[in-house]
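Engineer: Before we start, here is the structure in question, set down as structure tokens.
The numbers here are math on the coordinates, done by the rules we state, and not lab data. As the structure is a prediction and not an experimental result, all values here were calculated from the model. As a convention, Cβ positions derive from the backbone with ideal geometry for all residues, glycine included, and neighbour counts pool all protein chains shown.
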Amino acid sequence: MRKNIVAGNWKMNLSIAEASNLVETIIDAAPALRENHVVVFCTPFTHLQTIAKIIDSKGHSQFALGAQNCNDQIAGAFTGEISVNMLKEMGVTYVIIGHSERRQLFGESSDFLKKKVDTLIAANMQILFCCGEPLEIRNAGEQNQYVQKQLSDSLFHLDAAQMKNHITIAYEPIWAIGTGVTASTQQAQDMHAHIRHVLSETYDSQLAADISILYGGSCNAQNAEDLFANEDVDGGLIGGAALKSETFLPIISAMH
Ligand code: 13P
């Protein structure tokens with residue numbers, strides 16, 4: 001059975017004190033999670049150690065620590081970068097790769113993302129791999145081909161076992177990120193079904209059924225339940241609504 005995952009991507013927000021308070025409150029107040037449910041906190045690097053300790057102290061194995069980025073190299077002269085071993089040492093198990101902000105604002109190419117994916121898999125990490133089209137591609141009706149190319153350029157060199165054991169896909173249409181404009185439940189379901197179809201064609205139907213596909217982009221306490229009710233939507237990657245317990249807890253509760 002594939003996992004249902006709600007991951008909070010805090011981006012460059014929250015002090016360590018605010019973040020600690022948030023995680024304590026969320027874990028204490030979270031509903032009982034099913035065996036296949038996972039909640040991930042993707043914190044800034046400077047917060048990882050503190051949040052890892054809080055997660056450990058609560059003793060709930062379904063809450064996990066995530067990072068928002070990782071370099072493709074193991075060590076060396078890469079000023080300002082962070083390595084997979086540094087993240088592992090902090091207790092990180094999930095890493096976001098290919099977020100549209102990294103692609104657009106920091107010029108990360110598909111080839112660079114592919115190298116990061118390989119480095120993370122070699123280190124036995126879980127990858128939240130983001131894909132999603134800009135508005136002009138959606139308006140031109142070319143979103144399916146666009147997303148398919150993002151996946152094939154950075155992921156489809158992997159073998160089936162690597163895909164199944166390490167990859168979660170997060171579909172985040174760029175026009176929905178931080179805009180308050182959410183993809184309709186139909187738009188989300190259509191793209192997720194397309195991604196699953198592509199996985200089935202590239203690998204096989206069992207692998208396609210086993211991979212979790214999350215939705216991200218203005219997902220909030222009001223719309224999470226409808227979005228997650230779609231057959232092919234297995235949870236969410238949440239930005240703004242992950243920064244407060246009042247808005248994040250209902251999203252956790254919306255996992256089916
Ligand atoms: P928002 O939920 O703030 O739209 O952000 C989505 C996102 O980019 C998560 O990675």
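Engineer: Report ³J(HN,Hα) in whole Hz for each residue of the range 144-155, in order, from the Karplus equation J = 6.51 cos²θ - 1.76 cosθ + 1.60 where θ = phi - 60°; Gly and Pro get x.
Structural biologist: 5, 5, 4, 5, 4, 5, 4, 5, 6, 5, 10, 10
Engineer: What does the charge dipole of the chain about its Cα centre add up to, to the nearest 20 debye, if the Cβ of each Lys and Arg holds +1 and the Cβ of each Asp and Glu holds -1? The partial results should precede the final answer.
Structural biologist: Working: 17 positive and 28 negative charges, 85 e Å.
Rounded to the nearest 20 debye, it is 400 debye.
Engineer: Further, regarding this structure: Just name one of Cys70, Asn124, Val39: the one whose Cα is farthest towards the positive end of the charge dipole of the range 18-138 (beta-carbon charges, Lys/Arg +1, Asp/Glu -1).
Structural biologist: Result: Asn124.
Engineer: I would also like to ask the following. R0 = 35 Å: FRET efficiency of Thr179 with Ile74, Cβ-based, nearest 0.05?
Structural biologist: The calculated FRET efficiency here is 0.40.
Engineer: Would you kindly give the portion of the calculated P(r) for the range 174-256 that falls above 21 Å, as a percent of all Cα pairs?
Structural biologist: 29
Engineer: Under the rule a/c < 1.5 gives rounded, and otherwise a/b versus b/c splits prolate from oblate, where does the chain land using the Cα gyration tensor?
Structural biologist: Taking the square roots of the gyration eigenvalues as a ≥ b ≥ c, the chain is rounded.
Engineer: Another question, then. Using a basic spin-label model with each label point 7 Å from the Cα along Cα→Cβ, how many nm lie between Glu136 and Gln186?
Structural biologist: For Glu136 paired with Gln186, the spin-label model returns 2.7 nm.
Engineer: Then there is this: In nm, to one decimal, how far is the Ala161 label point from the Asp226 one, both placed 7 Å along Cα→Cβ?
Structural biologist: 4.4
Engineer: I'd like the distance separating the alpha-carbon centroids of the range 49-80 and the range 120-143, in whole Å.
Structural biologist: 21
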